[in-house]
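Let me begin by presenting the structure, written as structure tokens, before commenting on it.
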């Protein structure tokens, strides 16, 4: 059919974008495409992947790019030599479609890359997983209520957040550099794919508003994330000593105030003796700060056990302050468990009357009240509706097939 090149900093399947990139490549190959992936070798090394790998840079390159970011707030402007080598490789392989994912990640120089993309004539798809591409620094801004990106970034209130800068605020110049680089791309050769309707609406107010958009939410493996029988749930209860308590579950890859860590600590203080909060994705340092009503679980690669935890819970509580289209919401629903979330970004898009509740940001008591309601009505009241919604909207096969159709449409022009 054609030759596909994807670009993303990571390939590890325990990261959401790494898994997505690998699985899109596998579906493309099943449709007769050649699949290549350019990624940061300095971050992931020699990692298993069915697509043909194109390593970009090394550990020293990542370290220097990180130092440039910390000292000069110049994320995405390092890795010049590594990016020039990548451009030569792209030119030699002559892909039919170039599919960008995250360009932030200490491995690419976006100016050099886009100077090539503007002139190479190849159609480009850009899946947007966060807000970094149209801001002067941050990758989310909802938690601080910043809207400077709509006109011109400056004096960034999140300078010390990822990608953190210790001393310099370059947000005004970064905004100008990104706008110049990205909007130079011809509108007939760039299709932007936000993974939520919320992000599509945000980007319409950014300097990227004039491009073609096609929303394709992320998908999950609905065969792995599925309802579990009583024996599997009992096993999880025994392993984590949950007893007969009503389980509220919270899941994140990294816990931070923006993900709702402080709110969950407050919620834990409101729990009754017959309730328990299980937090997945907790590192050792965070675990020492949690109250006794919380059972911390480290980030697990055992997705079967994670699915069983979802299925055991009365509700997934997701007090995120800034998010796009959270995977944890999808995983919970596919496992038959309702979601209670803040009215944040795209986190609300998968939550319907039959699959959970949405509460205002910061309403910890309201979130706990709604979670208790799901527990009092029993799992049977939610399981089938959540599962049916997940199968209709979250199957990864359907999502990746949408990308193949997109590739075919833009190469047929």
For a footprinting-style exposure proxy, rank 53, 59, 396 by other Cβ within 10 Å, fewest first.
-> 59, 53, 396
Order of 44, 384 from fewest to most other C-beta atoms within 10 Å?
-> 384, 44
Work out how much length residue 363 to residue 64 would gain on full extension: take 0.36 nm times their residue separation and subtract the Cα-Cα distance, in nm to one decimal.
-> 103.4 nm
Given labels modelled 7 Å from the Cα in the Cβ direction, how far is it in nm from residue 176 to residue 197?
-> 3.8
Taking the chain and counting helices only, DSSP H stretches of n ≥ 4 at -39,500 (n - 2.57) each over all residues, the nearest-500 ellipticity at 222 nm comes to -12000 deg cm²/dmol
With everything on Cα atoms, drop me the angle between helix 80-93 and the longest principal axis of the chain, reported from 0 to 90° to the nearest 10.
-> 80
Length released on extending from residue 91 to residue 205, taking residue separation times 0.36 nm less the Cα-Cα span = 37.7 nm
Hey, can you rank 140-152, 328-340, 76-88 by average C-beta count inside 10 Å, highest first?
-> 328-340, 76-88, 140-152
How far, in degrees from 0 to 90, does helix 171-182 lean away from the longest principal axis of the Cα atoms of the chain, to the nearest 10?
-> 60
Just subtract the alpha-carbon distance of residue 377 and residue 409 from 0.36 nm times their residue separation and send over the number in nm, one decimal.
-> 6.8 nm
Relative to the longest principal Cα axis of the chain, at what angle does helix 16-30 sit, 0 to 90 degrees, rounded to 10?
-> 70
Fraction of antiparallel bridges per DSSP, region 230-393 only, in percent to nearest 5 = 0
Honestly region 230-393 on the Cα gyration tensor test (a ≥ b ≥ c root eigenvalues; a/c under 1.5 rounded, otherwise a/b vs b/c for prolate or oblate) is just rounded
Hey, what did region 291-368 get for relative contact order, percent, Cα under 8 Å, at least 6 apart?
-> 26
Approximate spin-label separation residue 160-residue 274, in nm, with each point projected 7 Å along Cα-to-Cβ = 4.5
So which residue, out of 368, 71, 249, gets the largest mean-square fluctuation from a GNM of the chain using Cα contacts under 10 Å as springs?
-> 71
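All of the numbers you see were taken from the coordinates with simple rules; none came from a lab. Note that this is a predicted model, so its numbers are computed, not measured. Backbone-built Cβ (ideal geometry, glycine too); neighbour counts: all protein chains shown.
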